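A quick write-up on the structure given underneath.
A short reminder: the numbers here are calculations on the coordinates, not readings from a lab. Bear in mind that the values here come from a model prediction, so they are computed numbers and not experimental data. Every residue, glycine among them, receives a Cβ derived from its backbone with ideal geometry; neighbour counts consider all protein chains shown.
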Amino acid sequence: MLDQLTPNPGSRRPRKRVGRGIGSGHGKTCGRGQKGAGARSGSKSRPWFEGGQLPLVRRVPKRGFTNIWRVPSQVLNLRDLANFEGTEVTAESLVAAGLVRRPDRPIKLLGTGEVKAKLQVTLQSVSAAARQKIEAAGGSVELVPVPRSHDSTKEPR
């Protein structure tokens, strides 16, 4: 019964009640030691603080950069098209089938898996292995340009 459910023994510990006398084991200084910033209320140490030693993030040299205009591709494999209804594979049909999320982002078709139907693929990019398997099954591949969802005058994402 729901009213008789209890947690497994040992899975729940009681809350540490500090400042409740000598006999509790957490009296007087409440486990904070003596004096100093750590004994005061409101003191915190940042996770990356290394006690005044030069932090790792400053010791390691900077490398590379992040391209703010990068538009990530949505990856799709041939095995994902096994249960695909129809023969025309476009961004809109893949979104309708629930295989990709966004029609405005580029889609790349990769060659993992087999294809049995004759498919007319119209996507932004197709791997060489995928193209070979589609054409071997009697289908065709047409590449379309990457959709430009942003204007060059707008702010970066």
Original post:
So what's the gap between the Cα centers of segment 24-74 and segment 105-123, to the nearest angstrom?
Top reply: 47 Å
**OP:** Evaluate E = 1/(1 + (r/R0)^6) for THR112 and VAL60, where r is the Cβ-Cβ distance and R0 equals 41 Å; express this FRET efficiency to the nearest 0.05.
**Re:** 0.70
Subject >> GNM flexibility winner over the chain from ALA136, ALA82, ALA37 (Cα, springs under 10 Å) >> reply: ALA37
Original post:
Which order do peptides 10-16, 90-96 fall in by mean Cβ count within 10 Å, highest first?
Top reply: 90-96, 10-16
Original post:
What dipole magnitude, in Debye to the nearest 20, does segment 74-143 give about its Cα centre under +1 on Lys/Arg Cβ and -1 on Asp/Glu Cβ?
Top reply: 220 debye
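Expressed in whole Å with the largest first, what are the equivalent ellipsoid semi-axes of segment 74-143 derived from the C-alpha gyration tensor as the square root of 5 times each eigenvalue? Present the calculation step by step, with values, prior to reporting the outcome.
Values: eigenvalues 57, 31, 23 Å².
Over the Cα atoms of segment 74-143, the ellipsoid semi-axes are 17, 12, 11 Å.
Could you grab the relative contact order for segment 1-101? Cα pairs under 8 Å, six or more apart, rounded to a whole percent.
On the way: 32 pairs, mean separation 9.9, N = 101.
Answer for segment 1-101 is 10 percent.
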Subject >> Footprinting exposure proxy for LEU143, LEU54 (fewest neighbouring C-beta atoms within 10 Å first) >> reply: LEU54, LEU143
Subject >> Cα-based reach from LYS133 at 13 Å (exclusive), listing aspartates and glutamates while leaving out same-chain residues under 8 positions away >> reply: GLU114
Subject >> Per-residue [θ]222 nm for the chain (sum of -39500 (n - 2.57) over DSSP H runs n ≥ 4, rounded to 500) >> reply: -3000 deg cm²/dmol
Original post:
Just how large is the dipole of the chain about the Cα centre, in debye to the nearest 20, putting +1 at every Lys and Arg Cβ and -1 at every Asp and Glu Cβ?
Top reply: 1980 debye
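Using the number of other C-beta atoms within 10 angstrom as an exposure proxy, rank PHE84, PHE49, PHE65 with the fewest first.
Working: PHE84 17, PHE49 10, PHE65 6.
Sorted ascending by nearby Cβ count, the order is PHE65, PHE49, PHE84.
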